[in-house]
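Here is the structure we will look at.
No lab work stands behind these numbers, since they all come straight from the coordinates. For clarity, every value in this text was computed on a predicted model and none was experimentally measured. Reconstructed Cβ throughout: ideal geometry from the backbone, glycine too, with neighbour counts over all protein chains shown.
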Amino acid sequence: MYAKGQTVIGLMEELAPKSYAVEGDRIGLQIGTLQKDIRKVLVALDVTEEVADEAIREGADLIIAHHAIIYRPLPHIQTDTPAGRLYEKLIKHDIAVYIAHTNLDVADGGINDMMAEAIGMTVTEPLDEVHTDKLKKLVVFVPADHAEKVRQAMFDAGAGGIGKYSHCSFNIEGTGTFKPGEGTDPFIGKTGKLEEVKEVRVETIVPQSVERKVVQAMLKTHPYEEVAYDLYALDLKTRTFGLGRAGKLPKPVTLAELCEQVKQAFDVPMLRVVGDPDRVIRKAAVLGGSGSRYVKHAMFAGADVLITGDIDYHTAHDALAAGIALIDPGHNVEKIMKQGVAEYLQRKLAERKWATAVVASRIHTEPFRFV
């Protein structure tokens, strides 16, 4: 059986929740509908006409891309223009397009983590805070002999984390009372009769980003027809999520050696570099996309080099004067997300026994040629 579009996107948003996106970013469904079966998903960096043709050949019903296909308001859709022709082709072939942009940059396991991992960075931290996950307390009343099962379901869904500790909860035994009314089908007791049941009050911590998932897991596992539970907002914060990553390299290398590693890791034939090739690099920063505005962030993080795209002339001069090295392998290195996202989605779909296939686009969308 094939997964519905909403199911696929639900899994995608477990990796990259919409709430992680920078304000005003163009993310989410941009073309088509998710109210249909998805036989195949194509994961792409950009949605060009060549990528649309690839989706048609592959029999894909959904494209998940990083860069928006509609970024600015459309004054019109004229099918004799390049953009209009692309939209027409996608709509005629019933191919939906969903965008995960800065939310995928920010997410754990997203583009910046993929880039950091590709060059062996360890113990990474965000360069620029974008989102701080707020905490809530979930309290649920469970029959004593079902408490462990409900607790475990909530933990598996992401509840119970405090710092580096997991499976955190507080449990109080007590007596629950209820009288099933007319038309009920109680798990315990009989209609019209007051019941007293040994119950456990289970309290645990829930990050807001997984609140819905945790509550659904609790309700699905709980034996009662009507579940008594409370959610409290807390004046506490948990992990901070942000753009870019800074971290140590496995061993010190020269800037020249790191350039060769970057070319191999990101499959680029050439790159631009600012700094002394013999300089020793111990700590690096990476940022997918255009990173000119984040040089100071990399310096503040103690990085010896920032690896990012679209460095402009004046930023390069400023970095040289400030003493931080730059490596610019181009904006297109974000293509690393294609295989990473495809593997993630295929694994998650397979775990749930869906027949939907996921493939990474093979179209090279780098607009520049090196001559």
Kindly write out, for the range 248-261 in residue order, the coupling ³J(HN,Hα) from the Karplus curve 6.51 cos²θ - 1.76 cosθ + 1.60 (θ = phi - 60°), rounded to whole Hz, with x marking Gly and Pro. 6, 7, x, 7, x, 9, 6, 4, 5, 5, 5, 4, 5, 4
Between the modelled labels at K220 and K89 (7 Å from Cα along Cα→Cβ) the distance in nm is 3.8
Which of K164, K179, K237 moves the most in a Gaussian network model of the chain with Cα springs under 10 Å? K164
Which of these, R26, R293, R39, has the largest mean-square fluctuation under a Gaussian network model of the chain (Cα springs below 10 Å)? R293
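Going by C-beta contacts inside 10 Å, put F266, F170 in order with the fewest on the left.
Details: F266 21, F170 11.
The most exposed by this proxy come first: F170, F266.
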Among DSSP bridges having both ends in the chain, what percentage is antiparallel? Round to the nearest 5. 70
Excluding exposed DSSP-loop GluC sites (Glu not before Pro) (at most 12 other C-beta within 10 Å), longest clean stretch of the chain: 24-181
Relative contact order of the chain: what whole-number percent is it, with Cα pairs under 8 angstrom and at least 6 residues apart? 20
For the chain, longest principal axis from Cα atoms; helix 5-15 axis from its Cα atoms; angle between them, nearest 10 degrees, is 70
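Quick one: order K335, K220 by neighbouring beta-carbon count within 10 Å, fewest to most. Write out the running numbers ahead of the final one.
Numbers: K335 25, K220 10.
Least crowded to most crowded, the residues run K220, K335.
Do any chymotrypsin sites (Phe, Trp or Tyr not before Pro) in the range 281-371 lie in a DSSP loop with no more than 14 other beta carbon atoms within 10 Å, and if so, which?
Details: sites: Y294, F300, Y313, Y344, W354, F368, F370; in loops: W354, F368, F370.
In loop regions of the range 281-371 (DSSP not H, G, I, E or B), the sparsely surrounded chymotrypsin sites (Phe, Trp or Tyr not before Pro) are F368, F370.
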Under a 10 Å cutoff between Cα atoms, tell me which one of L135, L320, L255 has the largest fluctuation in the Gaussian network model of the chain. L320
Could you work out the local net charge near F170, counting Lys and Arg as +1, Asp and Glu as -1, over the other residues with Cβ closer than 14 Å to its Cβ? 0
In nm, to one decimal, how far is the D80 label point from the Y232 one, both placed 7 Å along Cα→Cβ? 6.7
Above-threshold pairs, the threshold being 25 Å between Cα atoms, out of K4/K89; K136/K283; K190/K220; K134/K353; K40/K353: K136/K283; K134/K353
Gap in Å between the Cα centre of the range 241-271 and the Cα centre of the range 29-106? 31
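So in the range 25-144, what percent of DSSP beta bridges are antiparallel if you round to the nearest 5? Walk me through the numbers before you get to the answer.
Working: 3 of 11 bridges.
The answer is about 25 percent antiparallel.
Taking the number of other C-beta atoms within 10 Å as the exposure measure, put R72, R85 in order starting with the fewest. Mind showing how you got there, number by number?
Details: R72 7, R85 15.
The fewest-first ordering by Cβ neighbours comes to R72, R85.
I need to check one value: relative contact order of the range 95-222, counting alpha carbon pairs closer than 8 Å and at least 6 residues apart, in percent.
Details: 166 pairs, mean separation 39.8, N = 128.
Computed value for the range 95-222: 31 percent relative contact order.
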